[in-house]
1. Using only Cα atoms, find the angle between the long axis of helix 427-443 and the longest principal axis of the chain, and express it within 0 to 90 degrees, rounded to the nearest 10.
2. To the nearest 0.05, how large is the calculated FRET efficiency for residue 44 and residue 415 if R₀ is 25 Å and r is the Cβ-Cβ distance?
3. Under 20 Å from the 7 Å Cα→Cβ point of residue 379, by amide nitrogen: which residues of region 345-369?
4. Evaluate the Kirkwood expression for the hydrodynamic radius of region 367-419, namely the inverse of the mean inverse distance over all pairs of different C-alpha atoms, and round to one decimal in Å.
5. Lysines within cross-link reach of residue 537: Cα-Cα under 19 Å, excluding same-chain residues under 8 positions apart?
6. Provide the per residue accessible area, probe 1.4 Å, for the chain, rounded to a whole number of square angstrom.
7. Using 20 Å as the cut-off for backbone N distance, which residues of region 492-532 belong to the label zone defined by a point 7 Å from the Cα of residue 154 along Cα→Cβ?
8. Give the Kirkwood hydrodynamic radius (Å, one decimal) of the chain, defined as one over the mean of 1/r across all pairs of different Cα atoms.
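The values are calculated or read from the model by the stated rules, or taken from the named source; none is laboratory data. Please read these numbers as outputs of a predicted model, since none were measured by experiment. Cβ: placed from backbone, ideal geometry, glycine included. Neighbour counts: every protein chain shown. The accessibility values were calculated without ligands, DNA or RNA, using every heavy atom of the protein model including side chains. Shrake-Rupley method; radii C 1.70, N 1.55, O 1.52, S 1.80 Å.
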Amino acid sequence: MLQKKVLLPLFLLAFIVVHAQKLKKADKAIVQSLKSHIEFLASDKLEGRRAGTAGEALAAEYISRQFQQAGLEPKGDANTWLQAFDIYDGKEVKATSFLYFNGTQLKLNKDYFPLAYSGNGNIEATTAVALPESGTPWFIDVKDWIEDNQDNPHFDLSAKIHQYTTEAAAKGATALLLHNSSATPDEIEFDMKDRSPVAKIPVLYITHDAESKYLKDASASIETKLKIELGEKKRKGHNVIGFIQNGAANTVILGAHFDHLGHGEDGNSMLRNDLTQIHNGADDNASGTAALIELAKLLKHSKLKGNNYLFIAFSGEELGLFGSKYFIEHPTVDLSKVNYMINMDMVGRLPDSSKTLTVGGIGTSPAWTRTLSSLSNKDLVIKYDSSGTGPSDHTSFYRKNIPVLFLFTGLHPDYHRPTDDANKINYTGELTVIRYVYNVVEKTNSENKFAFTPTRETQTTTSARFSVTLGIMPDYSYSGTGLRVDGVSDNRPAQKAGLKAGDVIIQLGDHAVTSMDSYMQALGKFKKGETTKVKFKRGSEAMEAMVQF
């Protein structure tokens with residue numbers, strides 16, 4: 001047994017050495033470069049490359065430098081490598097806000113907080129806690145609302161507060177100060193992502209401890225002095241864009257997102273605990289970014305001049321395709337002359353056993369089947385998928401009627417976890433993927449511009465926590481009130497109800513939809529087979545339809 005334990009590692013070492021020796025000198029150089037790129041991009045120094053952070057900026061600087069060294073031209077904003085876009089980060093309470101009761105200042109977040117849709121205002125008045133009067137702030141105990149509806153599964157406290165706020169403002173209330181004297185939790189919180197219409201008056205919540213201290217005597221009058229000032233939080237994300245100008249009629253776009261999850265601040269980590277850890281994202285998607293850089297080098301020095309080549313490292317993909325959507329709306333090349341787009345997302349874990357590479361989007365052009373079937377893939381087992389949509393940046397291009405391909409080597413246990421590290425990348429496997437992409441580009445070098453064909457829609461978010469789904473793709477970059485539909489799946493409830501891409505859902509049944517979160521909360525109220533009304537806006541027109549789950 002001991003001898004076998006010694007011989008097995010020696011055998012594996014010999015196999016690795018022999019396998020490595022089979023690589024040509026040029027291939028060895030690419031493998032070494034891939035390793036260098038991914039080790040830097042997935043290092044702790046970059047703190048997970050969360051879009052709009054210092055780590056993302058370091059990654060963008062690195063990619064820009066690599067593009068420049070490869071001999072590309074900058075094709076971002078104002079002839080730079082970068083294309084900046086805003087990331088809406090929700091609302092924040094400004095430091096100028098305050099609340100005093102009888103001369104004592106309450107502590108923000110400990111004693112009180114405004115609701116996210118609170119109006120801004122500066123008010124000073126003396127008011128009776130139990131007597132709402134016009135021209136004064138109103139103190140409202142939500143205890144009765146909760147207790148009167150404890151057996152009503154459809155009661156929505158948030159909707160009730162919205163409704164009452166409108167009514168109180170119409171009756172002359174200058175502010176609404178909510179509190180809860182009951183022992184029943186109310187789950188009222190400052191939801192920074194709430195995109196409800198702004199109230200006409202300030203709306204505050206007094207915490208249970210502060211309520212016990214300051215509002216014990218319902219017959220008392222309180223000298224109230226408050227100032228509430230809310231504002232939007234935004235951060236800047238950046239795409240990195242380089243170009244090879246071959247003087248050709250059409251342009252091929254190659255892309256990969258380079259952002260990742262940071263420390264999991266945006267709630268998209270698969271790590272279900274309270275620990276704050278760096279998510280390095282070696283496979284997702286330092287691997288695709290590294291492949292993009294190496295393809296830029298190869299194509300710059302190739303004889304493939306039948307197309308121009310645009311290389312885009314997208315940011316904001318993990319937040320909902322922010323960077324690619326922004327590029328599509330603010331292109332730096334003529335989109336009508338784009339031949340096709342290839343997206344590489346998680347291409348660093350090619351299985352040694354199966355060699356399986358998933359290639360999606362082959363249904364987006366009739367030319368794809370002919371082109372791909374003619375390639376020799378002795379080192380790969382290709383799994384084809386026709387759909388042009390999915391949870392990555394090619395979807396943005398598909399929605400502009402551009403043929404796409406999506407390359408992906410598969411999910412693994414480290415997906416969206418802090419364990420997705422550089423030492424787990426299959427570098428020779430990624431080299432094989434790069435050669436495959438190069439062969440596709442080479443095969444299409446002398447062909448005419450590809451025709452576009454629509455495909456079935458693939459839902460890009462999981463509804464596993466719900467018993468029903470509408471069958472839509474949400475537009476995560478939308479910062480208005482409601483949920484904007486980015487795509488509609490075939491033969492699903494939304495399509496059957498007549499909803500279309502671009503519609504903004506504002507109500508589902510009795511539940512107001514102001515954001516992605518409120519949409520998910522509303523969806524959770526329904527079961528399969530139930531029918532309800534969906535209200536939405538199509539442009540400036542308010543519409544409604546019946547939907548059956």
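1. 80
2. Rounded to the nearest 0.05, the efficiency is 0.85.
3. Once the point is set 7 Å along Cα→Cβ of residue 379, 345-360 turn out to lie under 20 Å by backbone N, inside region 345-369.
4. Every distinct Cα pair counted, the radius reaches 13.4 Å.
5. Filter leaves 496, 500.
6. Numbers: 25290 Å² over 549 residues.
Heavy-atom SASA per residue in the chain reads 46 Å².
7. Residues 506-514, 518-532 fall inside that zone.
8. 26.2
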